[in-house]
1. Mind listing whichever residues of segment 52-63 are modelled with pLDDT of 95 or more, open to solvent by 10 Å² or more (accessible area, probe 1.4 Å) and in contact with a strand residue (DSSP E or B) (Cβ under 7 Å, 6 or more places away or on another chain)?
2. Right, Asp26: farther than 24 Å from Pro157 by Cβ, at pLDDT below 95, surrounded by fewer than 24 Cβ atoms within 10 Å (Cβ to Cβ) and out of contact with any Leu (no Cβ under 6 Å at 6 or more places or on another chain) or not?
3. Which number in (1) in a helix (DSSP H, G or I); (2) open to solvent by less than 50 Å² (accessible area, probe 1.4 Å) marks the one condition that Val107 misses?
4. Sort out which residues of segment 151-160 are in contact with a strand residue (DSSP E or B) (Cβ under 8 Å, 6 or more places away or on another chain) and more than 14 Å from Leu7 (Cβ to Cβ), and write them in order of number.
5. Restricted to segment 1-44, and to residues that are touching a residue at least 12 places away in the same chain (Cβ under 8 Å) and among the acidic types (Asp, Glu), which residue is nearest to Ala179 (Cα to Cα)?
6. Being charged (D, E, K, R) and in a loop (DSSP other than H, G, I, E, B) is the filter here, so list the residues in segment 20-66 that pass it.
7. Being surrounded by 23 or more Cβ atoms within 10 Å (Cβ to Cβ), assigned to a helix (DSSP H, G or I) and not basic (Lys, Arg) narrows it down to one of Val119, Val189, so name that one.
8. List, please: which pairs have Cβ atoms under 7 Å, are six or more places apart or on different chains, and start with a residue in segment 70-88 that is in contact (Cβ under 8 Å) with a residue 60 or more places away in the chain and end with one that is of a type in the set (S, T, N, Q)?
Amino acid sequence: MTTLDLLREDRVLSVVRAPEIGDARDLCAALVAGGIHVIELTFTTPDLPRHLERAASGDTGAVVGAGTVQTAAQARTAVEAGAAFLVTPGQGPEAAAVVAAAHDAGVPIVLGAFTPSEVMTALALGSDAVKIFPAHHLGPKYLKDLSGPFPGVPLIPSGGVNAGNARQFLDAGALAVSAGTDVVSPADVAAGRWADITTKAAAFCSALS
């Protein structure tokens with residue numbers, strides 16, 4: 001099963017944006033226990049390659065990727081550390097090189113976009129799915145509007161998605177939604193409050209049904 005297939009099944013991935021991670025493997029196990037299997041660790045966390053290696057060190061059942069990828073060098077570093085997919089916040093000057101690095105390594109790439117023109121550019125560059133960020137500013141109706149000219153394009157809203165609005169984004173046509181601090185607060189991650197993260201992940205998944 002590919003990462004996109006798993007997202008179609010689970011309808012959610014967790015984005016971990018924390019200044020520190022106590023134990024990336026335990027974090028992944030906690031999220032999987034709550035029903036979230038696709039997990040994005042970001043380059044905003046210091047020493048990300050070490051955390052990616054730790055997350056990939058055991059059979060937790062998680063598919064772990066790297067987010068906030070902005071350069072081809074970061075893309076290659078993340079893949080070498082064990083990232084199974086890559087996500088960008090937008091399309092910077094190295095967007096094409098990031099896509100090439102991902103595809104050369106055989107991993108999917110999700111480019112960030114907001115406007116229809118940016119979605120078109122992401123698709124032209126070869127993005128396997130498109131992250132719509134920041135999604136909460138215009139909400140589910142905007143995602144539904146985007147689905148009109150881009151039928152069948154896998155769109156993943158990110159930023160401000162929570163248990164209260166996630167179902168609306170899915171109903172508007174999203175492939176899956178990104179669960180952020182609503183599930184993995186930086187404080188919980190740093191303190192290793194894995195049981196709390198499992199509980200929040202389970203509650204988020206329940207809100208999708």
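The values are calculated or read from the model by the stated rules, or taken from the named source; none is laboratory data. Fair warning: this is a prediction, and the values are worked out from it, not measured in the lab. Positions of Cβ are generated from backbone atoms using ideal geometry, with glycine treated the same way; all protein chains shown enter the neighbour counts. Side chains are part of the model used for accessible areas, which takes the heavy atoms of the whole protein and leaves out ligands, DNA and RNA. Shrake-Rupley method; radii C 1.70, N 1.55, O 1.52, S 1.80 Å.
1. Listed by number, the residues that qualify are Ala62, Val63.
2. Numbers: farther than 24 Å from Pro157 by Cβ: yes; at pLDDT below 95: no; surrounded by fewer than 24 Cβ atoms within 10 Å (Cβ to Cβ): yes; out of contact with any Leu (no Cβ under 6 Å at 6 or more places or on another chain): yes.
Considered against the rule, which asks whether it is farther than 24 Å from Pro157 by Cβ, at pLDDT below 95, surrounded by fewer than 24 Cβ atoms within 10 Å (Cβ to Cβ) and out of contact with any Leu (no Cβ under 6 Å at 6 or more places or on another chain), Asp26 comes out as no.
3. Here Val107 meets the rest and fails (1).
4. Within segment 151-160, the subset in contact with a strand residue (DSSP E or B) (Cβ under 8 Å, 6 or more places away or on another chain) is 153-159.
Of everything in segment 151-160, just one residue is in contact with a strand residue (DSSP E or B) (Cβ under 8 Å, 6 or more places away or on another chain) and more than 14 Å from Leu7 (Cβ to Cβ), namely Gly159.
5. Keep residues of segment 1-44 that are touching a residue at least 12 places away in the same chain (Cβ under 8 Å), which gives 2-4, 6-8, 10-44.
From what is left, the residues that are among the acidic types (Asp, Glu) are 10, 20, 23, 26, 40.
Working: Asp10: 12, Glu20: 18, Asp23: 19, Asp26: 18, Glu40: 10 Å.
In this case the residue turns out to be Glu40.
6. Within segment 20-66, the first condition is being charged (D, E, K, R), and the residues that meet it are 20, 23, 25-26, 40, 47, 50, 53-54, 59.
Result: Glu20, Asp23, Asp47, Asp59.
7. Numbers: Val119 fails: surrounded by 23 or more Cβ atoms within 10 Å (Cβ to Cβ).
Just one listed residue meets the conditions, Val189.
8. Cβ pairs passing all conditions: Ala84/Thr3; Phe85/Thr3.
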